Amino acid sequence: MQALFFVFLLLLMGAIGGCATHRGSTPSDAAAQRAEREQALALFSAHPPGALPSAWQPLIITRAKKPTEYRLVADGGVTVLHAHAAASASLLMHALDLEPDQQPWLAWQWKVDRHIKGADNRYRDTEDAPVRIVLAFDGDKGDLPFSEQILFETGRLVTGRELPYATLMYIWEKKAPVGSVIAHTRTSQLKMVVAASGPHGLGQWRQLSRNLVDDYQRAFGKKPGRLIGVGVMSDTDNTGDTVDAWYGDIRLLRQQK
């Protein structure tokens, strides 16, 4: 079973803290401001180099897979997250509880030293990426196919929690063009959007922004539920390659900068 399907199962198993209970409500301005303050806790630059912030929880995909190494480092006087993936795969996740319509723009920075040899996320056996931004969402599981509902119910029985509904990832792909939506081969509830593609910008910091509401609607055919988690993942377990990557602050904004 490939790494990304394990990722989806981990998210289903409540590893990011469960789902919101107030789906469908519209937060007030005060609630939106509180959400912005809570999201600021996820900023890597707010912490000194060294240990990971307590809000970011490592998720080990399986004991059979070597975890990716993550640590905070200084880069140009700013604290960023460094990922070292050597035939490895694991995530860092930060629990949230936000209404995407209030902060639909996701903005982040990442840097990659080189592409992964042989990686191509369109195919199961080469499904690796040097950088991924992982988003987990709440939603109505009653509209899912019966096979997906069984998966969710199994997770709920095992964990005793309601489970995240869908996972959207932004990736730097080697071949697929920017804007492509890549569906996972094992579940309809995990989709990848290509945010960067090809060799342009390798070895340099790249600043990106995407409207996550629009991208979710393109990927899943409906508007997103509440955003309940954000994470990062650098993985090379399928190709066996080694890559270094860096993540800057990840922000949720009301308007595009």
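In segment 68-83, the residues that are farther than 26 Å from Asp128 by Cβ and open to solvent by 20 Å² or more (accessible area, probe 1.4 Å) reach residues that are outside any loop (DSSP other than H, G, I, E, B) and not small (Gly, Ala, Ser) with C-beta atoms within less than 8 angstrom, at least six apart or across chains, in these pairs: Ala74/Val80. Would segment 28-36 turn up any residue that is open to solvent by less than 70 Å² (accessible area, probe 1.4 Å), under 21 Å from Leu168 (Cα atoms) and either in a loop (DSSP other than H, G, I, E, B) or modelled with pLDDT of 90 or more (or both)? Checked against the condition, which is being open to solvent by less than 70 Å² (accessible area, probe 1.4 Å), under 21 Å from Leu168 (Cα atoms) and either in a loop (DSSP other than H, G, I, E, B) or modelled with pLDDT of 90 or more (or both), segment 28-36 yields no hits at all. Scan segment 107-151 for residues that are free of Cβ contacts under 8 Å to residues at least 60 places away in the same chain, exposed (fewer than 14 other Cβ atoms within 10 Å of the Cβ) and not hydroxyl-bearing (Ser, Thr, Tyr) and the total you get is 6.
Could you go through segment 228-247 and let me know if any residue there is open to solvent by 20 Å² or more (accessible area, probe 1.4 Å), acidic (Asp, Glu) and under 19 Å from Leu98 (Cβ atoms). Checking segment 228-247: not a single residue is open to solvent by 20 Å² or more (accessible area, probe 1.4 Å), acidic (Asp, Glu) and under 19 Å from Leu98 (Cβ atoms).
The values are calculated or read from the model by the stated rules, or taken from the named source; none is laboratory data. Small disclaimer: the values here were computed from a predicted structure and weren't measured. As a convention, Cβ positions derive from the backbone with ideal geometry for all residues, glycine included, and neighbour counts pool all protein chains shown. These accessible areas exclude ligands, DNA and RNA; they are computed on the full protein's heavy atoms, side chains included. Shrake-Rupley method; radii C 1.70, N 1.55, O 1.52, S 1.80 Å.
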